[in-house]
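Chemist: Let me begin by handing over the structure; questions about it come next.
The values are calculated or read from the model by the stated rules, or taken from the named source; none is laboratory data. Remember, it's a predicted structure, so these values are computed and weren't measured experimentally. Don't worry about glycine lacking a Cβ; one is built from the backbone with ideal geometry, like all the others, and counts go over all protein chains shown. Ligands, DNA and RNA are excluded from the accessible area calculation, which covers all protein heavy atoms including side chains. Shrake-Rupley method; radii C 1.70, N 1.55, O 1.52, S 1.80 Å.
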Amino acid sequence: MAEAAYPTLSPELARTVIDPHSYAEWDGLLDTFDHLRQTKPLAKIVPDEEGLFEPFWLVTRYDDVMRMSKDNATFLNNPRPVVFSLNSAIEFSRQATGSNMLVDSLVVFDAPVHPKYRKLTQDWFMPRNLKQIEDEIRALANRTVDAMVAAGPEVDFCKLVSGPYPLHVVMQILGVPEEDEPRMQMLTQQMFGGQDADLSGTGMENMTPEQVVQLVAGAVKSFEDYFADIARQRRENPTDDVASVIANAKVDGAPLPDRDMAGYYIIVATAGHDTTSASTAGAMMALAQDQEQWARVKADRSLLPGIVEEAIRWTTPVQHFMRTAAEDTELGGQTIKKGDWLMMNYVAANHDPAQFDNPRAFDAARSPNRHVAFGAGAHQCLGLHLARLEMRILFETLLDRIASFELAGEPQRANSTFVGGLKTLPLRFTAS
Ligand code: HEM
């Protein structure tokens, strides 16, 4: 057989990258990325079985991921799915919606549509506006820590704190009443957590890809119906929340089409909680393992923003996004052809020793810390200021109310290629 004109990954390494279980074995995964960055920083992953998925380039170096993120004219989010998907899933989506993606939202649009949609809520998510909801967020943080203290001295931090808290915040800004939160949580997990049996709660991990996509499509439909109702209420009685901004928004002088409006609600509802949960739980684990950093921040709270930022890098909850080349180009010494599909692996990029000294260490004083966990360029995370604010407020509350804590068992990570992180964090603590 003729040798391919480009570097490819062995089937074994390729499986490591696309198998959700690898992401639960963090150190082994980081070893693989270290090896690839050094030997094949850009390599193609070709399926063993024809037609399973489209071949794609795996990009592991920080500089290459950064360049792709910022060059939004060359590396497009459309038309191939923005997240690694099997061909059968893409085909199902095309039949169900006429689009390669089940949901059309900010992450799917490119210019000239993307900036028009992004602009609608950009100001709402800026620190100046978020100041107005700080008190509400602090009240939610206190209520969450109340539940932790009441259940102590041993708790699963994921279940009681890092899971519910960001969900409450996102649901509050979307106007979802508390009694509907479990339903929203379940729908999100059907969309994102399906690769892990403990998280999906649906048996999805044993389903065929077609069955999974049907379940996801059902989740999308439920979200759409639910948010159509919220939008109606917010058009009749607008408030200050982001739900009202979306419901009353206009693009080119016209209200958003129903599918786009639903997509906007869905992306905010789903992007905002499992991600922040994972960084919050990761920070707590790091501090439990290194009591000295906790003692230091207890004595000097100005260290808190550094802890938050490092937690986001160190955990990198969004593990990848995909892009499609709009034209022939060159990246990391390889020729990329128009139409090629590429995976920006944020986990690999955020552990690149060329950018971060001792990348596996959790270093609250890391400076500079220009991680790419929020992406970069036109699609950079819309909710990054909110995520940082939520985490800072929760840790301020924990510093006020928790005197000490330690691991009470082995934390477990989720099986997931896309949004990942801890699914359990057993802690023993003493309240202040
Ligand atoms: C630690 C928490 C979070 C992480 C690590 C994270 C990460 C990311 C990443 C990597 C992207 C894609 C960036 C790119 O393509 O360049 C993204 C996009 C996005 N995030 Fe976040 N996110 C977090 C929290 C949030 C929150 C709290 C919200 C809102 C409530 C949010 C809403 C969004 C939206 C709407 C997008 C799409 C932006 C666009 O395509 O224009 N995220 N996020």
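Chemist: Tell me whether the stretch 10-49 comes out rounded, prolate or oblate; compute the Cα gyration tensor, take square roots of the eigenvalues as a ≥ b ≥ c, and use a/c under 1.5 as the rounded threshold. Walk me through the intermediate numbers first.
Modeler: Details: a/c = 2.66, a/b = 1.07, b/c = 2.48.
Here the stretch 10-49 falls in the oblate category.
Chemist: Here's a follow-up. Apply the a/c threshold of 1.5 to the C-alpha gyration tensor of the stretch 21-132 and tell me whether it is rounded, prolate or oblate.
Modeler: Numbers: a/c = 1.98, a/b = 1.28, b/c = 1.55.
It comes out oblate by the Cα gyration axes.
Chemist: Each residue of the stretch 405-419 in turn: what ³J(HN,Hα) in whole Hz from Karplus with 6.51, -1.76, 1.60 and θ = phi - 60°, glycine and Pro shown as x?
Modeler: The phi angles translate into 7, 8, 5, 10, x, 7, x, 10, 9, 7, 7, 6, 7, 9, 8 Hz.
Chemist: Also: Counting only protein heavy atoms, what percent of the accessible surface of the stretch 11-431 is carbon or sulfur at a 1.4 Å probe? Intermediate values should be presented prior to the final figure.
Modeler: On the way: 8880 of 17480 Å².
For the stretch 11-431, the apolar C and S fraction of the accessible surface comes to 51 percent.
Chemist: Would you calculate the volume per residue, in Å³, of the smallest convex hull containing every Cα atom of the chain?
Modeler: Dividing the Cα hull volume of the chain by its residues yields 139 Å³.
Chemist: Assigning unit charges at the beta carbon (Lys, Arg +1; Asp, Glu -1) and nothing else, what dipole magnitude in debye, to the nearest 20, does the chain show about its Cα centre?
Modeler: Roughly 1000 debye for the chain.
Chemist: So, one more: For Cα pairs less than 8 Å apart in space and 6+ apart in sequence, what is the mean separation divided by the residue count of the stretch 283-413, i.e. the relative contact order in percent?
Modeler: Numbers: 125 pairs, mean separation 36.4, N = 131.
Once normalised by length, the contact order is 28 percent.
Chemist: Right, something else. Looking at Phe374, Val103, Ala228, which one has the Cα that reaches farthest to the positive end of the dipole of the stretch 11-431 (charges on Cβ: Lys, Arg +1; Asp, Glu -1)?
Modeler: Most positive-ward Cα: Phe374.
Chemist: Once the dipole of the chain is set up with Lys and Arg at +1 and Asp and Glu at -1 on Cβ about the Cα centre, which of Trp26, Gly263, Gln122 lies farthest towards its positive end?
Modeler: Gln122
Chemist: Which whole-number percentage describes the relative contact order of the chain, with Cα contacts under 8 Å and a sequence gap of 6 or more?
Modeler: Working: 679 pairs, mean separation 113.5, N = 432.
Answer for the chain is 26 percent.
Chemist: Under DSSP H, which helices of the chain have Cα atoms covering 18 Å or more of the helix axis and a Kyte-Doolittle average no less than -0.5? If you can, show how the numbers build up before the last one.
Modeler: Numbers: long enough: 26-39 (20 Å, -0.73); 134-151 (26 Å, 0.02); 209-236 (41 Å, -0.41); 258-271 (19 Å, 0.38); 274-289 (22 Å, 0.34); 384-401 (26 Å, 0.33).
Helix filter hits for the chain: 134-151, 209-236, 258-271, 274-289, 384-401.
Chemist: With unit charges on the beta carbons (Lys and Arg positive, Asp and Glu negative) and the dipole taken about the Cα centre of the chain, which residue among Ile45, Ile173, Ser279 sits farthest to the positive side?
Modeler: Working it through, the farthest residue towards the positive pole turns out to be Ile173.
Chemist: Among 264-271, 122-129, how do they line up by average Cβ neighbours within 10 Å per residue, starting with the highest? Please report the intermediate quantities before stating the final value.
Modeler: Working: 264-271: 23.1, 122-129: 13.5.
Averaged packing, sorted descending, gives the order 264-271, 122-129.
Chemist: Take each of the peptides 409-415, 394-400, 275-281, 347-353, average the number of other beta-carbon atoms within 10 Å over its residues, and list them starting from the highest. Mind dumping the intermediate values first?
Modeler: Numbers: 409-415: 18.0, 394-400: 19.6, 275-281: 27.1, 347-353: 22.4.
Going by the mean number of other Cβ atoms within 10 Å, highest first, we get 275-281, 347-353, 394-400, 409-415.
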